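Okay, so here's the structure we're looking at.
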Amino acid sequence: DDDTQPVLPEKLELEDKWILSHLNTAIKEMTVNLDKFELGVAAKKLYDFIWDYFCDWYIELVKPRLFAKGTDTNKRAQQVITYVLSNTLKLLHPFMPYISEEIWQTLNISDKPVIIADWPEYDEKLDFAAEAENMDKVIDAIGAIRLRRAEMNVPPSRKAKVYIATRYKDAFNENTAVFFCRLASASELEVADSFEGVLSA
């Protein structure tokens, strides 16, 4: 067993499965790239994962859970973040050895230094393809709403009801509505196949 690999919680939320699935994909693809000495491609994939998935979105998605001190959901969010961070540092180490080692030691992830930690491996059990795809749709929709609000100079403090016409109703439900309220300044969310004849121009 790898004693540098933090343990994941048994219960995972949608956003947890989303970040773990994207990390799993990054591990798989980066391993192939590095085996082929495609260093630039591997570095770009890691950069995109860290910034576009982990920092830009996952941290924002779990903030309420991180603020809910002492709760089960708080502990599970911390476990997932620790897991993602530890594996990200292992992936980062070939490119930034001294900085990744310093962060690793500061976070006190393991008594073993990251330089001799096992390289992360793709894990089929963390391939949550359907959940990741649904969460990607939610994130794309939130991004589109934010862009439209910015184009119309609507301040974040001004809430608005959001209507989403989509055939992907599995992705837009009561579990994901909270993300629209918090990250897209929605007062409420209504989802249907079509709103033709319901909404006036």
task: Scan the range 160-171 and give yes if some residue there is part of a helix (DSSP H, G or I), open to solvent by 30 Å² or more (accessible area, probe 1.4 Å) and touching a helix residue (DSSP H, G or I) at 6+ places or on another chain (Cβ under 6 Å), otherwise no.
output: no
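Residues are listed down the side, and each one gets a yes or a no for (1) among the hydroxyl-bearing types (Ser, Thr, Tyr); (2) within 18 Å of Ser100 (Cα to Cα):
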position	(1), (2)
Thr25	yes, no
Ala42	no, yes
Leu46	no, yes
Asp52	no, no
Cys55	no, yes
Ile59	no, no
Pro64	no, no
Asp72	no, no
query: Do you know which of the residues in the range 178-197 that are open to solvent by 20 Å² or more (accessible area, probe 1.4 Å) and among the small types (Gly, Ala, Ser) is nearest to Ala130 (Cα to Cα)?
result: Ala192
query: How do the helices (runs of 4 or more DSSP H) wholly within the range 52-146 filter down when requiring 3 or more residues that are open to solvent by less than 20 Å² (accessible area, probe 1.4 Å) and among the hydrophobic types (A, V, I, L, M, F, W, C): which remain?
result: 72-92
- request: Quick one: which residue in Asp123, Asp118, Asp127 is under 24 Å from Pro9 (Cα atoms), of a type in the set (D, E, K, R) and over 22 Å from the mean Cα position of the chain (by Cα)?
  value: Asp118
- prompt: Which of the residues belonging to the range 22-49 are surrounded by fewer than 18 Cβ atoms within 10 Å (Cβ to Cβ), in a helix (DSSP H, G or I) and among the hydrophobic types (A, V, I, L, M, F, W, C)?
  reply: Val32, Leu34, Leu39, Val41
task: Could you grab the pairs with beta carbons closer than 6 Å, sequence gap of 6+ or different chains, first residue in the range 71-100 and farther than 12 Å from Pro120 by Cβ, second one of a type in the set (Gly, Ala, Ser) and buried (at least 16 other Cβ atoms within 10 Å of the Cβ)?
output: Phe95/Ala43
field: Subset of the range 1-21 (residues that are open to solvent by less than 30 Å² (accessible area, probe 1.4 Å) and in a helix (DSSP H, G or I))
entry: Glu15, Asp16, Trp18, Ile19, Leu20, Ser21
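The values are calculated or read from the model by the stated rules, or taken from the named source; none is laboratory data. Small disclaimer: the values here were computed from a predicted structure and weren't measured. Please note: Cβ atoms are built from the backbone with ideal geometry, for glycine as well, and neighbour counts cover all protein chains shown. For the accessible areas, the whole protein counts, side chains as well, though only heavy atoms, and no ligand, DNA or RNA atoms are used. Shrake-Rupley method; radii C 1.70, N 1.55, O 1.52, S 1.80 Å.
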